[in-house]
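A.B. asks: A single structure is presented below for examination.
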Amino acid sequence: MFGLSCWLMVDDILSKDETEASVKLASLGFTDGMGALRDLKLLSLGALSGCLEEVLSLSLSSPSPQAALNNLERIMAEAGPYIGRLNNDELSALTTICGSSPFLSSIIIKNPQYLGWLFAGALGQYRDERSLKREILERTAPLSTPEEVSREIRLLKQKEYLRIGSRDLLRIASVEETTRELSDLASACLEAAVTFSLKHIKASCGAPLYTNEEGETKEAGFVVIGLGKLGGRELNFSSDIDILYLYSSDKGETTGVEGSAISLHAFFVKVSMLVTRLISNVTDEGFAFRVDLDLRPEGRSGDVANSLRSAEIYYESWGQPWERAALIKAWPVAGSLPLGEEFLRMVRPFVFRKYLDFTAIDEIKTMKEKIDLSLLRRDPDTVDVKLGSGGIREIEFFCQALQLVHAGRDIELGERNTLAAIELLKKKQYISEEEAGRLAGGYVFLRDLEHRIQIVEGRQSQAIPAKNEPLERLARMMGFRDTIDRKAAEFFWDEYRRITGGIHELFRSLFYKSEEAQEVPLEFQLILSPDLPEDDARGKLAEAGFKDTEAAYKNMLLLRDGPPFARLSAKARVTLQRLAPIFLSKAASSPDPGRSLAHLERFISSVGARTAFYSLMLENPGVTNELVKLFGTSVFLSRDLIERPESLDILLSNELSVPYKSRENIIESFMGEASSGKGYEEVLDAIRRLKAQELFRIGLNDIAGALTPRQVSGQMTFLAEAALDASIKIARDALKERYGEPAGGSFAVIGMGKLGGRELIYGSDLDIIFVYSAPTDGTTDGAKEISSHEYYVRLGQRIISVATLRTKEGFIFNVDARLRPSGSAGALVVSEEALLKYHSGATQVWERQALTRARCVAGDMAFGCPVVERLREILYSKPLTTADVDEMLRIRKRMEVEIAKENANRYNVKTGRGGIVDIEFLSQALQLKYGAAKAGLRSPFTHKALARLGRYGVIPKDDLDFLLRAYSFMRLIETRQRIVHDRPEGYLYKGSEELATLARSTGYTGIEAADKLLKDYTEIAERVRGTYVTTLEALKS
């Protein structure tokens, strides 16, 4: 009967005019009536013309009627002979696939023969790892090139994804079977890649031989260890595959081909890189699997492949808590399985401790907190099935925590598969039957949901769609249906919240015990009471250490009641009310209670109604402690967090505990982001986040006293140089697609001022000169040809844009290029020849002073450093005349009068009388005077230049010792002013509260700390001024 009504309906629709027909189709449930009509007409002309009524009925019953009809039409156009032979049940199955997954539909469209194969038995077939490996090895055995093997692997993957995905969508396979087959498919592809790669590299390098402990020579083995979902045989449709590459030993080398023997490490690195390429490179057939090697020893900075012994040393000596959790799922998936089993035996004591290891709970809790903060940064409103509250990761972490605690004593608990681990934990009574049911049922539901999110477009996502149409399709794919009064998505959300709520409750019961509740003194709860009169509240605030009680009271009210214009949810309001006494008590014990509370007020206003932030701070006392401490210590660092609350995850970074990093280490991090292959805007944001993290690392360690002022400047300068190198890389990549690059060209950035002198502090601008070298008539080699000069001008402009553009993550550094020849009137980028010619001519003394600080800081250092050396030769070949000294004295006086503007109550540590600039002018004058004869004086670093002036006898020892102490003292004040008060201008105000805070931050104590600081400063400044005047006047004789 239904078929007859549909037939009559189809006939009726096709007989109507287009407008009326499209309206009718839209009323039936098609989102695009005109598109549905077009597809229906095309279907009426092909192999499905005889069953249009069935097609329409099945499409309307599918998760997405529009997609079903459209994909059926597209498949019919390519696979007519196959689709016409389908029976009713098979057509129903195909329509469900078409209405669920454009991704699977597109595989059939590209490979029409797969349709016949799918319904000729493949749909009912479950394949194990052995079957898959046998097929792919047979297919790749005769092949001789990486390109051929790569193609065969991808073709098998596509075909098997169609079979596995269809079985999953049609509920033929269980979630467990689907994840197992996906994992076994990945293992099979890896096996083929390893087999070919070993054969291929042996052909060019010889066999890898090593000597074992018995002195026997053997061929070294190679194994791929699967981690994460691959190791646990739990892959989803868009999982990365987390793997380690291991080999037997470093004690040996290859036999070589025509004498070209290489080390075993070099051999297996070649093998590993080829395996990775065969699996993950994007080709005309796409990629097989994304390969993630970040879990290897030392992460991204570690070797691609490690010998068994080097891996053992790493985990014994430097293994991190998160690596223990990751290695629970370790399993050999390709290559030498005996070698893999040897690795598992070796690493077991590191993963599972012999004693009851309850520290694992805290370690995993910290990992989850970092994930929560990362989610907030990306999008606080996204519902993530994997990483969100009550999601897949909470189930995995729950199981892994109990495994890490107990598996050292109970070896059976070292189970890799999550569902099997839940069953074992229940069997051994570590969890109850009800808890096991909640975890297992939740895991199956969420993994099923994850599969359906990913199978639609084949994308790597775990986010539930926010838009209505894809959400409704997802709900129907999950088995929910519309009723008269409710949509399928509403039923889905009810079930999702029920399941994830239960999982999150279990997760919290393990990781957040009730005794962890933060104790708050009763008086702070009383201050927040609405029943307490304002005068009484202000009196208690004064007793708690708040000096400006009026401001403190107003800020306290906001903590209690929430931001005035934010519509807080009930949950957010309750959470904030619980946080308020915690905030207030911690602010009272911070270095500056009033400032801390004021910053908290601004931070809460910035957070607004975002409930997740309040929950996160309540659940993570460590974050709250660091936040309030920071707010009471540093205006400079607080400002960034207030402007971008999403940066809160910085406070959980392990990097904060590293006071000093090498230049190479910092540059490696920045270049890693710049070379990540992400989109332009994503890279800009990533670089800015990294800069913010590094800035917090430096600042917090500075405040804690772990860095000296010189080290702070050194770290800030390394950070700037890394940012410039990354900006050059990003800018070059952005220009390359259109313009290519100039042949034979070189480009470098010369740092001037504090950047050149390695004396940057917080908030410093970067003074730079762009210099290049290229053939006179050179052009670029890209699609649009431009001259070399024009290219480098564009490159300079793009670098400045990359560094200074303000995105949602802020900016990297402000850049000032006005110290180039002719200043703002000159070309932004200058050739090597023009730069040298300009400074060989008549330059003013201030330009020569500036050039004493010149240093190549980024770009092609092999080109830039010699350019700077030639500049120095030119600079120091010019004598310092009496007129030059007079001009320096005049410039210095103008700075003092027009910039410093000191009076009896105000001093300027930078440009005031006897300030930092006096010392810098003194040093530069002596360098210009004696640098021609004494090349050792040509240092861009003020501290080093002073020390060398003393060593050469230019400055008497007593004066030298004093100047070095004075310079360090003033730089400490300058640095502290910026980080504590965010004051770039360098003023000290007599009698101010700010001066008292500054004094305490520089090591002065007692109620007279401010007076002591000012007394020391004025005495030192007076002597600096005397030394400066005496020195420069002496140079005139």
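The values are calculated or read from the model by the stated rules, or taken from the named source; none is laboratory data. All values reported here derive from a predicted model rather than from experimental measurement. As a convention, Cβ positions derive from the backbone with ideal geometry for all residues, glycine included, and neighbour counts pool all protein chains shown.
A.B. asks: Among the residues of the stretch 499-510, are any surrounded by fewer than 21 Cβ atoms within 10 Å (Cβ to Cβ) and in a loop (DSSP other than H, G, I, E, B)?
C.D. replies: No, every residue in the stretch 499-510 fails to be surrounded by fewer than 21 Cβ atoms within 10 Å (Cβ to Cβ) and in a loop (DSSP other than H, G, I, E, B).
A.B. asks: Looking at (1) in contact with a Ser or Thr (Cβ under 9 Å, 6 or more places away or on another chain); (2) part of a loop (DSSP other than H, G, I, E, B); (3) under 30 Å from residue 175 (Cβ atoms), which is the only condition residue 275 fails?
C.D. replies: (2)
A.B. asks: Output the number of residues of the stretch 926-940 satisfying the condition of being assigned to a loop (DSSP other than H, G, I, E, B) and either over 39 Å from the mean Cα position of the chain (by Cα) or surrounded by fewer than 20 Cβ atoms within 10 Å (Cβ to Cβ) (or both).
C.D. replies: Total meeting the criteria: 5.
A.B. asks: Residue 422 - would you say it is out of contact with any helix residue (DSSP H, G or I) (no Cβ under 6 Å at 6 or more places or on another chain) and either assigned to a helix (DSSP H, G or I) or surrounded by fewer than 20 Cβ atoms within 10 Å (Cβ to Cβ) (or both)?
C.D. replies: It is false that residue 422 is out of contact with any helix residue (DSSP H, G or I) (no Cβ under 6 Å at 6 or more places or on another chain) and either assigned to a helix (DSSP H, G or I) or surrounded by fewer than 20 Cβ atoms within 10 Å (Cβ to Cβ) (or both).
A.B. asks: Specify the residue that is nearest to residue 773 (Cα to Cα); the eligible residues are those in the stretch 795-819 that are basic (Lys, Arg) and either in contact (Cβ under 8 Å) with a residue 60 or more places away in the chain or in contact with a helix residue (DSSP H, G or I) (Cβ under 6 Å, 6 or more places away or on another chain) (or both).
C.D. replies: 798
A.B. asks: With the structure loaded, tell me whether residue 923 is hydroxyl-bearing (Ser, Thr, Tyr), crowded, with 17+ Cβ neighbours inside 10 Å and part of a helix (DSSP H, G or I) or whether it fails that test.
C.D. replies: Considered against the rule, which asks whether it is hydroxyl-bearing (Ser, Thr, Tyr), crowded, with 17+ Cβ neighbours inside 10 Å and part of a helix (DSSP H, G or I), residue 923 comes out as yes.
A.B. asks: Just for the stretch 988-999: of the residues that are in contact with a helix residue (DSSP H, G or I) (Cβ under 8 Å, 6 or more places away or on another chain) and in contact (Cβ under 8 Å) with a residue 60 or more places away in the chain, which one is nearest to residue 910 (Cα to Cα)?
C.D. replies: Only one residue tops the list, namely 988.
A.B. asks: On the basis of being charged (D, E, K, R) and over 19 Å from residue 772 (Cβ atoms), does residue 848 make the cut?
C.D. replies: Yes; evaluated as a whole, the condition is true for this residue.
A.B. asks: Kindly provide the set of residues from the stretch 115-142 that are of a type in the set (Asp, Glu) and out of contact with any helix residue (DSSP H, G or I) (no Cβ under 6 Å at 6 or more places or on another chain), ordered by number.
C.D. replies: 128, 135, 138
A.B. asks: Another one. Which residue is surrounded by the fewest Cβ atoms within 10 Å (Cβ to Cβ), if the candidates are limited to the stretch 669-703 and must be assigned to a loop (DSSP other than H, G, I, E, B) and without any contact (Cβ under 8 Å) to a residue 24 or more places away in the chain?
C.D. replies: That would be 677.
A.B. asks: Residues 790, 759: which one is at pLDDT 90 or above and not in a helix (DSSP H, G or I)?
C.D. replies: 759
A.B. asks: Hey, another quick one. Just checking, which of 728, 750 is assigned to a helix (DSSP H, G or I) and within 24 Å of residue 821 (Cα to Cα)?
C.D. replies: Sole residue among the options that is assigned to a helix (DSSP H, G or I) and within 24 Å of residue 821 (Cα to Cα): 728.
A.B. asks: May I pose another question? For the stretch 205-214, does any single residue satisfy the condition of being under 18 Å from residue 268 (Cβ atoms) and buried (at least 22 other Cβ atoms within 10 Å of the Cβ)?
C.D. replies: There is at least one residue in the stretch 205-214 that is under 18 Å from residue 268 (Cβ atoms) and buried (at least 22 other Cβ atoms within 10 Å of the Cβ).
Every residue, every condition in (1) closer than 15 Å to residue 452 by Cα; (2) outside the structural domain of residue 475 (by TED's automatic domain parsing); (3) crowded, with 19+ Cβ neighbours inside 10 Å; (4) touching a helix residue (DSSP H, G or I) at 6+ places or on another chain (Cβ under 7 Å), yes or no:
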residue	(1), (2), (3), (4)
144	no, yes, no, no
147	no, yes, no, no
172	yes, yes, no, yes
175	yes, yes, yes, yes
178	yes, yes, yes, yes
183	no, yes, yes, yes
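A.B. asks: Have a look at 127, 134 and point out the one that is modelled with pLDDT of 95 or more, out of contact with any strand residue (DSSP E or B) (no Cβ under 6 Å at 6 or more places or on another chain), among the charged types (D, E, K, R) and under 23 Å from residue 180 (Cβ atoms).
C.D. replies: 134
A.B. asks: So which of 1016, 959 is in contact (Cβ under 8 Å) with a residue 60 or more places away in the chain and among the acidic types (Asp, Glu)?
C.D. replies: 959
A.B. asks: What pairs come up if the first residue lies in the stretch 89-102 and is not assigned by TED's automatic domain parsing to the domain that holds residue 53, the second is at pLDDT 90 or above, and their beta carbons are under 6 Å apart, counting only those six or more places apart or on different chains?
C.D. replies: Between residues of the stretch 89-102 that are not assigned by TED's automatic domain parsing to the domain that holds residue 53 and residues that are at pLDDT 90 or above, there is no close pair.
A.B. asks: Here is a check on your reading of the model: is residue 482 assigned by TED's automatic domain parsing to the domain that holds residue 434, over 19 Å from residue 382 (Cβ atoms) and out of contact with any helix residue (DSSP H, G or I) (no Cβ under 9 Å at 6 or more places or on another chain)?
C.D. replies: no
A.B. asks: Can you work out which of the residues in the stretch 248-272 that are among the β-branched types (Val, Ile, Thr) and not in a strand (DSSP E or B) is surrounded by the most Cβ atoms within 10 Å (Cβ to Cβ)?
C.D. replies: The extreme case among them is 271.
A.B. asks: Check whether at least one residue in the stretch 202-219 is within 30 Å of residue 160 (Cα to Cα) and touching a helix residue (DSSP H, G or I) at 6+ places or on another chain (Cβ under 9 Å), and report yes or no.
C.D. replies: No: zero hits.
A.B. asks: I'm trying to understand the selection: among the residues of the stretch 800-816, which are touching a strand residue (DSSP E or B) at 6+ places or on another chain (Cβ under 6 Å) and not in a helix (DSSP H, G or I)?
C.D. replies: 813, 815, 816 - these are the residues of the stretch 800-816 that are touching a strand residue (DSSP E or B) at 6+ places or on another chain (Cβ under 6 Å) and not in a helix (DSSP H, G or I).
A.B. asks: If you don't mind, there's one more thing I want to ask. Given the criterion part of a helix (DSSP H, G or I) and within 25 Å of residue 999 (Cβ to Cβ), identify the matching residue among 638, 647.
C.D. replies: Sole residue among the options that is part of a helix (DSSP H, G or I) and within 25 Å of residue 999 (Cβ to Cβ): 638.
A.B. asks: Does residue 452 satisfy the condition of being out of contact with any Phe, Trp or Tyr (no Cβ under 8 Å at 6 or more places or on another chain), within 19 Å of residue 386 (Cβ to Cβ), charged (D, E, K, R) and crowded, with 18+ Cβ neighbours inside 10 Å?
C.D. replies: For residue 452, the condition - out of contact with any Phe, Trp or Tyr (no Cβ under 8 Å at 6 or more places or on another chain), within 19 Å of residue 386 (Cβ to Cβ), charged (D, E, K, R) and crowded, with 18+ Cβ neighbours inside 10 Å - is met.
A.B. asks: Another question, if that's okay. Condition test on residue 235, is it crowded, with 24+ Cβ neighbours inside 10 Å, in contact with a Ser or Thr (Cβ under 7 Å, 6 or more places away or on another chain) and part of a loop (DSSP other than H, G, I, E, B)?
C.D. replies: Yes.
A.B. asks: Somewhere in the stretch 300-318, is a residue farther than 16 Å from residue 246 by Cα, part of a loop (DSSP other than H, G, I, E, B) and either at pLDDT below 85 or among the polar types (S, T, N, Q) (or both)?
C.D. replies: Checked the stretch 300-318: no residue is farther than 16 Å from residue 246 by Cα, part of a loop (DSSP other than H, G, I, E, B) and either at pLDDT below 85 or among the polar types (S, T, N, Q) (or both).
A.B. asks: Within the stretch 191-208, is there a residue that is in contact with a strand residue (DSSP E or B) (Cβ under 7 Å, 6 or more places away or on another chain), under 19 Å from residue 153 (Cα atoms) and not acidic (Asp, Glu)?
C.D. replies: yes
A.B. asks: Inspect the stretch 454-462 for any residue being under 30 Å from residue 64 (Cβ atoms) and either aliphatic (A, V, I, L, M) or free of Cβ contacts under 8 Å to residues at least 24 places away in the same chain (or both) and give the result as yes or no.
C.D. replies: yes
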